[in-house]
Amino acid sequence: MAVATATPRAKKTAKKLDLTRAQRAIFYVTDFNRAVKFYHETLGLPFVYPAEDGWASFQLKGIELSIHSGRERNAKSDHSYFGFAVPDLDAARETLKSRGVKVGEIVSPCEGTRFFGFQDPDNNQLGCEGK
């Protein structure tokens, strides 16, 4: 006689979201050349991305610090930015959406870079960067 065995229901598990590794912080500045001189020459930070077109990135241990011109154009809407490194950008976006976070579209402003933005409850600009 055959014995019927129950098959366990598949548990619906929440996707794990690991935001413990910082990727980048961006500061919008009013005087780009002065800021580049301060971060590169005064503080001695090495370039990851050279100062051109209003953008420069400096390497710190475990994080990139970027400066971006434009603060003078729209000081009220240019905010600092903190970016998290994630291994799967699409999955991170969907997980945050499922948790009620209003997330932006995934964009790729330059080759090899994909990110989406979101805000904390105080409207601080955050984002995730990855593949």
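For the range 92-104, a residue qualifies if it is surrounded by 15 or more Cβ atoms within 10 Å (Cβ to Cβ) and closer than 12 Å to K15 by Cα, and the qualifying residues are A92, R93, T95, L96. Going by what's in this entry, would E94 be described as of a type in the set (D, E, K, R) and not in a helix (DSSP H, G or I)? It is false that E94 is of a type in the set (D, E, K, R) and not in a helix (DSSP H, G or I).
The listed residues are A51, A4, and the only one of them that is in contact with a His (Cβ under 8 Å, 6 or more places away or on another chain), more than 21 Å from L126 (Cα to Cα) and either part of a helix (DSSP H, G or I) or at pLDDT below 85 (or both) turns out to be A51.
The values are calculated or read from the model by the stated rules, or taken from the named source; none is laboratory data. Everything quoted here is computed from the prediction, not taken from an experiment. A quick note on method: Cβ atoms are made from the backbone with ideal geometry, for glycine too, and the neighbour counts reach across all protein chains shown.
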